[in-house]
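The values are calculated or read from the model by the stated rules, or taken from the named source; none is laboratory data. This is a predicted model, so every value here is computed, not measured. A quick note on method: Cβ atoms are made from the backbone with ideal geometry, for glycine too, and the neighbour counts reach across all protein chains shown. Just the protein is used for accessible areas: all its heavy atoms, side chains included, with ligands, DNA and RNA removed. Shrake-Rupley method; radii C 1.70, N 1.55, O 1.52, S 1.80 Å.
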Amino acid sequence: MEIEAKFKVSAADLDRLAALNALGPYTLRTMAAEHQRNTYYDSADGRLAQARYGLRVRQIGHRSIITLKGPARLDENGIHHRAEFEFPGDDPNPVHWPAGPARDLAQALLLGAPVRPLLTIETTRRIIHAMRDGRDRVEICLDRGTIYAGQHQAPICELELEVLPAGSVYDLTELVNALRSLIKLTPERQSKLERGMALLQRR
C-alpha cells in the first residue's frame with residue numbers, strides 16, 4: 001500500500017527544502033539525486049484507465065522498474081492511499097512478468113489486449129529521508145520535470161512525501177504540518193498520469 005501526500009510548490013521553495021537538515025523533530029538526509037524517464041502504457045481502448053489503474057516503466061540510468069498502481073483513495077487530510085506493485089524489469093507486457101499477483105491482476109484487467117506507450121514524464125528527483133529515533137520514517141521527493149503527452153507538454157514542480165515501512169500516517173501528517181509553517185503548499189489531487197491523460201484529451 002502506497003501512502004503519500006503530493007503538493008505543488010515553487011522552484012524557489014524546492015531549493016529551500018533541499019538545503020534543510022532538519023524538519024521539526026526529524027533529521028533530514030539526502031539519499032540520491034536521479035533523473036527518471038517514466039513511460040506509461042495502456043491498451044488501445046484504455047482498459048487500464050477504465051479500471052483506474054496505471055502501468056509505468058521507470059528508467060533510472062541502467063536500471064528499469066515496472067510499477068502497477070491501483071485506484072487512489074483520498075482521505076480527509078488529502079493523503080493518497082493506493083495499492084502498488086513494483087519490481088525490476090523493462091517489459092510492459094504482463095505476459096512476460098514473473099508469476100505473482102501483479103501479473104495475474106494486469107492480465108485480468110487487459111484480457112489479452114496488447115499495451116502501447118501513452119505518454120512520457122521526464123523527472124529530476126532529489127530524494128530525502130526524514131529520520132526519527134534512528135529510523136527512516138518518510139521519503140521526501142523534490143521533483144522537477146516535464147510531462148510529454150502527444151503534442152502537448154506541461155511542467156512539473158512538486159513535493160511528494162511517502163510513508164516508509166518504519167513510518168506511519170502520523171509521521172506524514174507531522175511533517176506536512178512542519179512544512180506548512182515554512183512554505184506554501186498547494187495539494188495536488190491528481191497523479192502525474194492523470195495530468196498527462198488530460199493533456200492527451202486536448203485538441
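Select from region 2-45 the residues that are among the hydroxyl-bearing types (Ser, Thr, Tyr) and part of a strand (DSSP E or B) and write down the one among them that is surrounded by the most Cβ atoms within 10 Å (Cβ to Cβ).
Looking at the filtered set, the residue picked out is 40.
Among the conditions (1) open to solvent by 40 Å² or more (accessible area, probe 1.4 Å); (2) within 20 Å of the chain's Cα centre (by Cα); (3) under 29 Å from residue 179 (Cα atoms), the only one that residue 50 does not satisfy is (3). Every residue in region 49-98 that is farther than 28 Å from residue 201 by Cα, in contact with a strand residue (DSSP E or B) (Cβ under 9 Å, 6 or more places away or on another chain) and of a type in the set (A, V, I, L, M), please. Result: 60, single match. Counting only residues that are touching a His at 6+ places or on another chain (Cβ under 8 Å) and either touching a residue at least 12 places away in the same chain (Cβ under 8 Å) or among the acidic types (Asp, Glu) (or both), region 62-88 holds 3 of them. Annotation note: of 174, 162, the sole residue that is charged (D, E, K, R), in contact with an Asp or Glu (Cβ under 8 Å, 6 or more places away or on another chain), under 15 Å from residue 28 (Cβ atoms) and open to solvent by 40 Å² or more (accessible area, probe 1.4 Å) is 162. Beta carbons closer than 8 Å, at least 6 apart along the sequence or on distinct chains, pair a first residue in region 45-56 that is touching a residue at least 40 places away in the same chain (Cβ under 8 Å) with a second that is among the hydrophobic types (A, V, I, L, M, F, W, C) and surrounded by fewer than 17 Cβ atoms within 10 Å (Cβ to Cβ) for 45/113; 47/111; 47/113.
Which one of 70, 61 is buried (at least 17 other Cβ atoms within 10 Å of the Cβ) and among the small types (Gly, Ala, Ser)?
Residue meeting the stated conditions: 70.
Within region 125-132, does at least one residue satisfy the condition of being within 21 Å of residue 54 (Cα to Cα), open to solvent by less than 50 Å² (accessible area, probe 1.4 Å), out of contact with any helix residue (DSSP H, G or I) (no Cβ under 8 Å at 6 or more places or on another chain) and modelled with pLDDT of 95 or more? Yes, region 125-132 contains a residue that is within 21 Å of residue 54 (Cα to Cα), open to solvent by less than 50 Å² (accessible area, probe 1.4 Å), out of contact with any helix residue (DSSP H, G or I) (no Cβ under 8 Å at 6 or more places or on another chain) and modelled with pLDDT of 95 or more.
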